[in-house]
Amino acid sequence: MNDRTEPWWLPVMLLLGFFLLTDSAHAQGKLEARAPDGAAVKLDLAEERLQITVDAQHARTTLKQTWNNPSSSRVEGSYRLQTGESSTVAGFSYWNGETKIVGEVFEREDAREIYDDVTGMGNDPGLLEQDAEGTFSFKVFPIEPGERKRVEVVHDRWMARAGRWFTYRARLGRPTAQLEVSIASPKTVSTITSPTHEITWSGKNVKVGPRIDAGHDFIVQIQHADPTLALSGAVHRNAGQDAYVVISVAAPTNVTSPQIVEKDVTLVIDRSGSMSGEPLRNAKAAAADVVARLPATDRVNVVVFDDGVDWLFPRPKEITDEVRAQVLAHVDRIRDGGGTDIAGALGRALGLQNRDRRPNIIVFLTDGQSDAQAALKVARADAGDTRVFTVGVGTGVDKPLLSRLAGEKRGRFTFVSDAAAIEPAMNKLYDRIAAPVVVNLSLDGGDGRLQRVYPKTLPDLFRGDEIKVVARVQGEGPLNLTLRGQRGRDELAMKTTLAVPTQTIRPWVGRQWAMTRVDDLLEEIALQGENDELHTEVLELSLAYELVGPYTSFLAIPESELTESASGVLANARARKEAILRANQDALALSRRIMPPGDPVLKVKAPRNAKQVLARFSFGEVHDLQWDPDAEGWTTRFLVPKGVRDGAYDVEITIVHADGRMEMGTTAYTIDSEAPQLEVTTQVDGDVVRVTVTANEALREVFLTDEDTPTLRVKLDATDDPKVFLTELLEDEAPVRIRVVATDRARNETVSTLRVGARR
Amino acid sequence: MSGAGLLAVALLAGSPEILSATHRVNHIEATPDHVWVATDGGLEHYDPVSLERTRVYTTADGLAGLRLWEVTLGARVQVHTANSRCTLGADDRFDCEDAAATVPKVRAGDRFHGRRVLARASLGRREFVGTDDGLYASDLDTRRLTPDGQPCTNFAMALATHRDRLWMGAFEGGLCVSDDGRIFEPVDGPRMINDLLSHRRGLFVAANEGLFRVDDDGTVTPIAGIQPRGVNAVAWDGRRILATTPGALWGLDPRRDRAGAPRWMPGDTHALQDVTTAGDGTIWLASEDRGAIRIRGDEVRVFDTLAGLPSSWGLRVAVDHQGVAYLATLRNGLVKIDGDEVSAQPDLPDTWILETTISDGNLLVGTQGGAAVVAANGTVEHLRDLPHPNVHAFAPFRGKLYVATESGTAVYGGAKARNRARNQGGGGRPRP
């Protein structure tokens, strides 16, 4: 149980549905160091090597650097890696001399505990954590005088297309860095060029020649073999498991006006007190820019809000010179006011829309936080198909809420960290939404084969824009994909067929799905608060797919340097991880596996579109499970009647898939109503009485009290043996008689009473 | 739970009327003269010509249980429950005997107009289709023969009187409401319900899916801020709505739809199950690991095995107007906590307790072996003829006592009734 109301990582969490308004960030790694007295020590980057593998639009970069400590001090290195948005670290290692120490992903708290323990002994583990989206750091200690410290980081990135082109960028620490590029799937590539280096390309090999500019970047521009408005996809599948798929479609960058849909645009501007000054000034300027650029074929309206809501027109109005002037004057008159009622403003803006065939677009700009549930309720209650594009300004904005609002209303979320960037960001946003190319998109994988699809709602496709979809794939045989939408007044269907062999290994595809799923869960936690179920799934996915995030870190540590206590923590952490990996292969889970008669919930992971999921219990009950959208699984609860004997039982599960295929399985639970058997011993050792409780089974907890004054409560300490608990009492203060209560894992209790201490 | 009306022990004297839901059809036998339908709510008889339900047999008619797996036609009509066989006699009552346990056949994946098919029977060109949502005739398309207006569940976990209506919360079948205590209509909302509280701001619903408020117009509003979602009890202390999740006690200003910061693990419990309040502001909690927990101002007192109770496993707690608390333990009976004095409540039908509540000065106790009313003077009256021994909820409504079991709801104090079709919701009329 956790009493934090807001997760610490909220400000740095990844967000879905970002509009990538800038080109992919430069990847960059840098090691800085400090001497024991705190003085900065400049380390020399002696060697640098980048190995880049491009597969479709995915790039895996292995960055190897050697840093030299030229000082006469032993220093601690602090490495900061910026990989950019839509990226994550996939590996981390460093060298002790010629020995490579390879990092593993562990639960963050375990990794931190081991790191602190080992560094406390003066040894040198490495710990890599996520600081913010696309920003990671790790510490290396110690780096001895004159030592050359080698580090290696592997990071993955999805490169979004603009038209047919996508770009790989990295900022180099050394202009003369060794650069190696390979193309894993040459058939997906049409052309490769570089504005920074001479390159030649043939098949899988890209030869990188001398630099041709004076900068520090390495840029590769790649033209996709697929045309725009065509589906591209990649599949990964482990034998015997459901496959993963990444699907993308790109819009052309040049779209002629007849292909652009006429639209209604409503600008919603936050004028709350926190927007006063530069933010509101820039927001007004940005709104004026947008209004000035709207074509005469569109309609426009303006809604302004703080804790109240005002609007200019009862419905978006046809743009004439007079209307445009009226809107601009209205925008200019906006003055800052009170609080921030996002729900009220959104509800009003949604209610003011025309109900005709034109797309309705709301651009919602705010810097504040508001009642998230109320705002989501308003968004979900709107039955229309108004698109909501949210723009969040400043670090105080409720990013998860704006992201979720945009996601659910088929729009996108744009985050603007600095008020000065509002105007250019709004202009770039407008460049996109001014030209919707295909709207009302829906993806069909045939026979419900696509499961756990993200994003849950497909946004519209705008000029120069790309939509990426990740999903799990069920069933056998080729996957026939159809993306349907509306282009102008025409219906458009983009089709492709992807092979889904029994095994095809492109692990990055699975990781893309897991990253997106984790982002969605983190967003849910940010909106709803953390609970054990969400926490557990994020943690399990992160460990299973080796993702570094709020709950996980990379830990690289030489086994020889482990302290005894760190060794124990590491062993436990590895055991837990192995258990999670094993459990992730199992489709079935009971919420409590060891139980007395009671009412646990049975959860079965089966496709949402399954025709039926049945559970047959050993005591004669047959339950139809129901789909639980929050748990993303099928659930039922059941009572184990009191007459059921102790023992291990199977629940037989039948899943009837959408195609009629039946899948059978079992999950086990244990009924345990037998109380533990105890041996309680006392031993006087000097002035203390040691009380040891030994049971015939693992115990949950053990307490003792004074038989005469039972308000005293002493909790016994667990030992390495889960059957043994102990405590020590001062002999002078020990009760005459104690009552010991031991509880096993099914909460069965045993009471034992005994006299304590020799002096008694 | 709140309720109106006097609860007189005398009203318990007669046999109860049984309310059951017959939506789930397990087996059908059709002849030119009779259509017999074995359901989760008893045995139905339909007229094969008019297709109207003419009769429903329940435990009030001698059945050993309401959940019937099979009906067979020989010299006599026989039905099979999980472990008994019942034969219909000439007196139109069933006589039951123990029989080998039977397990229902599973027809996975068979669908009729989107509903899961559990049974089929042919009669001439017509096929009767039994689903998890009622009985249909194949030639009448989507017209359901099972009468409307039935309770939403046979397994109610919570009952409450609110705004002079009877509300029923199901173990797994959602929420429904009745104006007259006989005809029910479903209410959209959570599926797995644990507790109900009538309040002037609305009906508060504690459910596995969270805490909700139902307004008079039927609008269901989720209460934000409670995580994890599983809310197992709800109470009112005169100032705040109180709700429990396993790890926390939550407080809510009833004018708002968001819970405030919770009190985590009061009394060091990780497994809260229930909350109730005394008139002096004392809060009582039941927990699976710390028994009963009393919160009086800043003082937190734990009553568990360590403190001398027979068990630390509490499921429900009730407190009377004198501040005496009653803890329902999983399998060690009902424990009375009067100040520092702890004693066991004698003469209950079973030591496995499921529910305890105070109503009109009487202590109502549901167990896994029946139910009892303990009057203020200490006399104990066992309720007779319950449709199932496991009793989970009580509510007085319009002079009657509704007792919810795991398989059907018994109504005491009503006209003694044989369960003619028109006695149950829907008046036997097929859906138009």
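Taking only the Cα atoms of the range B:179-265, the radius of gyration and Dmax are 12.7, 41 Å.
Under 5 Å between amide hydrogens, built in the peptide plane, is the criterion, and for B:ALA271 it picks out B:GLU288, B:ASP289 among residues at least 5 positions away or on other chains. Put simply, the amide H of A:GLU707, placed in the peptide plane, has neighbours under 5 Å in A:ARG737, A:ILE738, A:ARG739, leaving out anything fewer than 5 places away on its chain.
Residue-wise HN-Hα couplings along the range A:338-352, as the Karplus relation 6.51 cos²θ - 1.76 cosθ + 1.60 with θ = phi - 60° gives them from phi, are x, x, 10, 10, 5, 4, x, 5, 5, x, 5, 4, 5, x, 8 Hz; Gly and Pro carry x.
Given a Förster distance of 60 angstrom, what is the FRET efficiency for B:ARG163 paired with B:ASP98, based on the Cβ-Cβ distance and rounded to 0.05? Mind showing how you got there, number by number?
Values: r = 45 Å, r/R0 = 0.75.
E(calc), rounded to 0.05, equals 0.85.
Amide H to amide H, with H built 1.01 Å from N, A:GLU147 comes under 5 Å of A:ASN69, counting only residues 5 or more places away or on other chains. Only lysines eight or more places from A:LYS284 in sequence, or on another chain, were considered; those with a Cα closer than 20 Å are A:LYS317, A:LYS428. For the pairs A:LYS187/A:LYS577; A:LYS100/A:LYS577; A:LYS64/A:LYS204, flag any whose C-alpha to C-alpha distance is greater than 30 Å. As for pairs spanning more than 30 Å Cα to Cα, those are A:LYS187/A:LYS577. No solvent, one uniform scatterer per C-alpha: report log10 I(q)/I(0) for chain A via the Debye equation at q = 0.05, 0.07, 0.08 1/Å, two decimals. For chain A, the Cα-only Debye profile gives -0.33, -0.64, -0.82. Counting Cβ atoms of other protein chains within 10 Å of each residue's Cβ and taking the mean over peptide B:217-226 gives 2.
Suppose R0 equals 25 Å. What FRET efficiency, 1/(1 + (r/R0)^6) with r the Cβ-Cβ distance, do A:LEU730 and B:GLU299 give to the nearest 0.05?
E between A:LEU730 and B:GLU299, to the nearest 0.05, is 0.40.
At 1.4 Å probe radius, can you tell me the per residue accessible area of the range B:42-101 in Å²?
Value returned for the range B:42-101: 42 Å² of accessible area per residue.
Take every pair of alpha-carbon atoms less than 8 Å apart whose residues are at least six positions apart; their mean separation over the length of chain A yields a relative contact order of 12 percent. Beyond 25 Å in Cα-Cα separation lie the following of the pairs A:LYS399/A:LYS468; A:LYS139/A:LYS468; A:LYS456/A:LYS605: A:LYS139/A:LYS468.
Coupling constants for the range B:17-24 follow from the phi torsions by the Karplus curve (6.51 cos²θ - 1.76 cosθ + 1.60, θ = phi - 60°), and in residue order they are 7, 10, 9, 9, 10, 10, 5, 8 Hz; glycine and proline get x. Shielding value for A:371-377 is 3, the average number of Cβ atoms from other chains within 10 Å of each residue's Cβ. Of the residues A:VAL255, A:ASN69, A:THR390, the one whose Cα sits farthest toward the positive end of the charge dipole of the protein assembly as shown, with +1 on the Cβ of Lys and Arg and -1 on the Cβ of Asp and Glu, is A:VAL255. For chain B, modelled as a GNM whose springs connect Cα atoms under 10 angstrom apart, the maximal fluctuation among B:GLY74, B:GLY62, B:GLY124 occurs at B:GLY74. Give me the tail of P(r) for the range A:227-377 as a percent: Cα-Cα pairs with distance above 22 Å. Here the long-distance tail beyond 22 Å is 52 percent of all Cα pairs in the range A:227-377.
Placing +1 on the Cβ of each Lys and Arg and -1 on the Cβ of each Asp and Glu in chain A, which of A:PHE554, A:GLN223, A:GLN677 has its Cα farthest towards the positive end of the resulting dipole? Projecting each Cα onto the dipole axis, the largest value belongs to A:GLN223. A Förster distance of 35 Å, applied to the separation of the beta-carbon atoms of B:LEU51 and A:GLN369, puts the FRET efficiency at 0.05. Checking every one of the trypsin sites (Lys or Arg not before Pro) in the range A:323-423 against DSSP loop status and a limit of 12 other Cβ atoms within 10 Å picks out A:ARG333, A:ARG335, A:ARG355, A:ARG357. Farthest towards the positive end of the charge dipole of the protein assembly as shown, among the residues B:THR357, A:THR119, A:TRP165, is the Cα of A:TRP165, using unit charges on the Cβ of Lys, Arg, Asp and Glu. Residue-wise HN-Hα couplings along the range B:378-393, as the Karplus relation 6.51 cos²θ - 1.76 cosθ + 1.60 with θ = phi - 60° gives them from phi, are x, 5, 10, 10, 7, 7, 9, 6, 5, x, 7, x, 8, 10, 10, 7 Hz; Gly and Pro carry x.
The lysines within cross-link reach of B:LYS400, meaning a Cα-to-Cα straight distance under 20 Å and a gap of 8 or more places when in the same chain, are B:LYS416. Taking each DSSP H run with n ≥ 4 as -39500 (n - 2.57) and averaging over every residue of chain A yields -6000 deg cm²/dmol at 222 nm.
When chain B is treated as a Gaussian network with alpha carbon springs shorter than 10 Å, the biggest mean-square fluctuation among B:ASP95, B:ASP180, B:ASP340 belongs to B:ASP340. Charged side chains reduced to their Cβ positions (Lys and Arg at +1, Asp and Glu at -1) give the protein assembly as shown a dipole of some 3720 debye around its Cα centre. Rounded to the nearest 20, the Cβ-based charge dipole of the range B:89-210 about its Cα centre (Lys and Arg +1, Asp and Glu -1) stands at 460 debye.
The values are calculated or read from the model by the stated rules, or taken from the named source; none is laboratory data. Since the model is a prediction, treat every value here as computed from it, not as a measurement. Positions of Cβ are backbone-derived with ideal geometry, glycine not excepted, and every protein chain shown enters the neighbour counts. For accessibility, only protein heavy atoms count, side chains too; no ligands or nucleic acids. Shrake-Rupley method; radii C 1.70, N 1.55, O 1.52, S 1.80 Å.
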